[in-house]
Structures are given as structure tokens and as C-alpha cells.
Amino acid sequence: MTSTTPGGRTAVHPSPGSGEDAPPLVELRAAGKSYGNVRALHGVDLAVHPSRVTCVLGDNGAGKSTLIKIISGLHQHTEGEFLVDGEPVRFSSPRDALARGIATVYQDLATVPLMPVWRNFFLGSEMTKGPWPVRRLDIARMKRTADEELRNMGIVLDDLEQPIGTLSGGQRQCVAIARAVYFGARVLILDEPTAALGVKQSGVVLKYIAAARERGLGVIFITHNPHHAYLVGDHFSVLRLGTLELSAPRDRITLEELTNHMAGGAELAALKHELAQVGGVDVAALPEAGEVSAPAGDGAPESAAPAASAASTNAEGKP
Ligand SMILES: Nc1ncnc2c1ncn2[C@@H]1O[C@H](COP(=O)(O)OP(=O)(O)O)[C@@H](O)[C@H]1O
Ligand SMILES: [Mg+2]
């Protein structure tokens, strides 16, 4: 399913065997992580398949960042197993993860705002020409390649000479996604890529998440927006207080149920827990989580732009 091109990058081709039938690219089995005596994550199972978007949802503090830090090599798990291509691994740096084709696009993108788009595309991996010691940057080839790769992902920018800082947040996310694809990512981790974006730009980013899936990548999409998740997700894992509250493939869960898990059930349960500790509130008389009706599900899977109500739940725009 994968092949290596002369440039050393791995190209991933979707094949009939891709998807849930294919062995997972990345898998967590009862994985957990403690920071000292803070248990941030416990007993989490997660499988990332090629050509699938696996959404990881959860409120602030649920353990989403901890989970992706394990997979991206920033932290090591302290419980359970972490497997890549079926083989147990323990990464000591993000470089180890990258070497296995696991690329992470962080919210605060590592770009140089005043440098042109094409230059940022190759930042740290510049193309050169000529033999040592007269090796020079191959500017023409970098420009041409960046242009081709962005177009392959359906990203059309007027001018690759413009400083990347002049692009919108959504466009910059898209360049980062195309870059990861070009440099051979098999697994693409996106940490709340739509959290700080408006409705239209979120729609654009979701489109490229789908494009990465079409290219055969296994995508891990971190979000706390069930509408955004449902627009592109094939599998949904909801974290709550560090444990997996729900893990369901798309055909086993509706947007209403997912929204209820996120905005209704989990939140209400947590509030009840708090109230019970305060006392003076008859918690038993409050409705059960399941009885809370979900807000109107207005994010139809077909529509390209996510619902306005969905974007407004992201107001805090985490760093
Ligand atoms: N470096 C750290 N040291 C101690 N506790 C941490 C650290 N990082 C995260 N935590 C704790 O782990 C829990 C999960 O955090 P995190 O993974 O950042 O959640 P999320 O990304 O879902 O908001 C929180 O209770 C948080 O305070
Ligand atoms: Mg986080």
C-alpha cells in the first residue's frame, strides 16, 4: 500500500484493503499516562486506520492533548500499549514519530510569517542542487513542487510568493496539511484545527481533512465540536476525565447522540457531581443524562460549511 519515491518520501495509495479492514496504522491498547500522581489518561483504546478520520472529542482537561502527545512522541505512555503497524513502540521524541510517518499539525503552526508560502512549505527540509561545497537552494524546484502539491490537495493560492502570514488561519492549516502529506505522513494528527476559526474557514479545513483521507492517510482529528467531527468523521472517541466514555463507528451513532454526549450528558453529569459536593441541591431530582435533549442538529454531513452554532462553542480558542 505504500511506496517510496526517489525523493525518499513515502506515498500512500488508498487501496481496496484500506479502511477498517486494514490493520491499524496506530493503536493504543488500555493506554494511560500519569504526570507524577496526576492520572491524565487511563485505559484508552484507539485504532487509527488508513483512509479513515478518527475523531477524538472531549471537554477541556479530558486528556485529548495527552493522548496525541503520546502518539506524536512528545510524551511516553505510562500504562498499556502503543503500537505502530502492529509493533509495540515507545518514542523518545517527535522525530521518532515522524520517522514512522506520524505527523502532527499543532494549532500554533510552526511557520515563519514573513517568509513566502513556498519557503514555509519546505522549512527545515529545503531542496538543494549542485554538489557540496557549492550546494544551493533549488528555489525553482521548491516553488514548482509546492504549487503542484497544494493543487493536488485542491488548494489554490493566487501567489506562493506572498508571506504565509498574510494567509487566513484556515489557509495556513491547509498548507500545513499539504506539507505533511508531501513529506510522507501516513498518520496525520490535527490538534483542534478549527477551534479558532470561523464557520467558513472551518469548512475549508474540514474539506482538506477529507482530502487527506482520500489520499489514504489515517487522520486523528481532535476537536470539542461534535458538528465539525460529524461532518468528516468515520469513528468517534469521546474522552471524559481521562477515560474513554464512548467509542463508536459512524454507522452506530447519530449527530444527535454525539452532541448529547458532548454538550448534554457528560456536562450534566459533571455538573451534578459538582453540585452534589456543594450540598443543598437535590441531585437525585435532576434529570438523567439520557433525558437531556440534544440541541438541534443542524450540521448535515453533506454540507461543506459547518453550522454556525457549532463554531460558537469554540469561543475559548485554546493556545
Ligand atoms: N504536563 C502536565 N503535568 C501535569 N498535569 C498535566 C500535564 N498536562 C496535562 N495535565 C493534566 O492532565 C489532564 C488532561 O489534560 P489535557 O490532556 O491537556 O486535556 P485536553 O487537551 O483534553 O484539554 C488535565 O487534568 C491536565 O491538568
Ligand atoms: Mg488540549
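The values are calculated or read from the model by the stated rules, or taken from the named source; none is laboratory data. It should be emphasised that the depicted structure is a prediction, and the values quoted were computed from it without experimental measurement. Reconstructed Cβ throughout: ideal geometry from the backbone, glycine too, with neighbour counts over all protein chains shown.
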Name the residue that is surrounded by the fewest Cβ atoms within 10 Å (Cβ to Cβ), counting only residues in the range 73-88 that are outside any loop (DSSP other than H, G, I, E, B) and touching a helix residue (DSSP H, G or I) at 6+ places or on another chain (Cβ under 9 Å). F82
Tally up the residues in the range 30-85 that are among the small types (G, A, S), touching a Lys or Arg at 6+ places or on another chain (Cβ under 6 Å) and more than 16 Å from ligand 2 (Cβ to nearest atom), please. 2
Can you find a residue in the range 59-72 that is part of a strand (DSSP E or B), within 13 Å of ligand 1 (Cβ to nearest atom) and at negative phi? no
Does any residue of the range 180-191 turn out to be over 28 Å from N60 (Cβ atoms) and in a helix (DSSP H, G or I)? yes
So, restricting to strands (runs of 3 or more DSSP E) that lie completely within the range 203-267, which ones have at least 2 residues that are within 20 Å of I177 (Cα to Cα) and out of contact with any Gly (no Cβ under 9 Å at 6 or more places or on another chain)? 218-223
V26 fails exactly one of (1) at pLDDT 95 or above; (2) touching a helix residue (DSSP H, G or I) at 6+ places or on another chain (Cβ under 8 Å); (3) within 13 Å of ligand 1 (Cβ to nearest atom), namely (3)
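Residue-by-condition table, conditions (1) within 16 Å of the chain's Cα centre (by Cα); (2) crowded, with 21+ Cβ neighbours inside 10 Å; (3) among the small types (G, A, S); (4) closer than 28 Å to I70 by Cα:
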residue	(1), (2), (3), (4)
M142	no, no, no, no
T145	no, no, no, no
E148	no, no, no, no
Q162	no, no, no, no
G169	yes, no, yes, yes
Q173	yes, yes, no, yes
A178	yes, yes, yes, yes
V181	yes, yes, no, yes
R186	yes, yes, no, yes
Would you check which residues across the range 233-247 are among the acidic types (D, E) and buried (at least 23 other Cβ atoms within 10 Å of the Cβ) and list them? none
Considering the range 147-159 alone, what residues qualify as being assigned to a helix (DSSP H, G or I) and within 19 Å of L217 (Cβ to Cβ)? E148, E149, L150, R151, N152
What pairs come up if the first residue lies in the range 71-85 and is among the aromatic types (F, W, Y), the second is assigned to a loop (DSSP other than H, G, I, E, B) and more than 14 Å from ligand 1 (Cβ to nearest atom), and their beta carbons are under 6 Å apart, counting only those six or more places apart or on different chains? F82/V89
Any hit, the range 30-37, residues being over 21 Å from E192 (Cβ atoms), away from ligand 1 (no atom under 13 Å from the Cβ), surrounded by 21 or more Cβ atoms within 10 Å (Cβ to Cβ) and of a type in the set (A, V, I, L, M, F, W, C): no
Candidates L197, L217, filtered to the one that is at pLDDT 90 or above and either of a type in the set (A, V, I, L, M) or surrounded by fewer than 24 Cβ atoms within 10 Å (Cβ to Cβ) (or both): L217
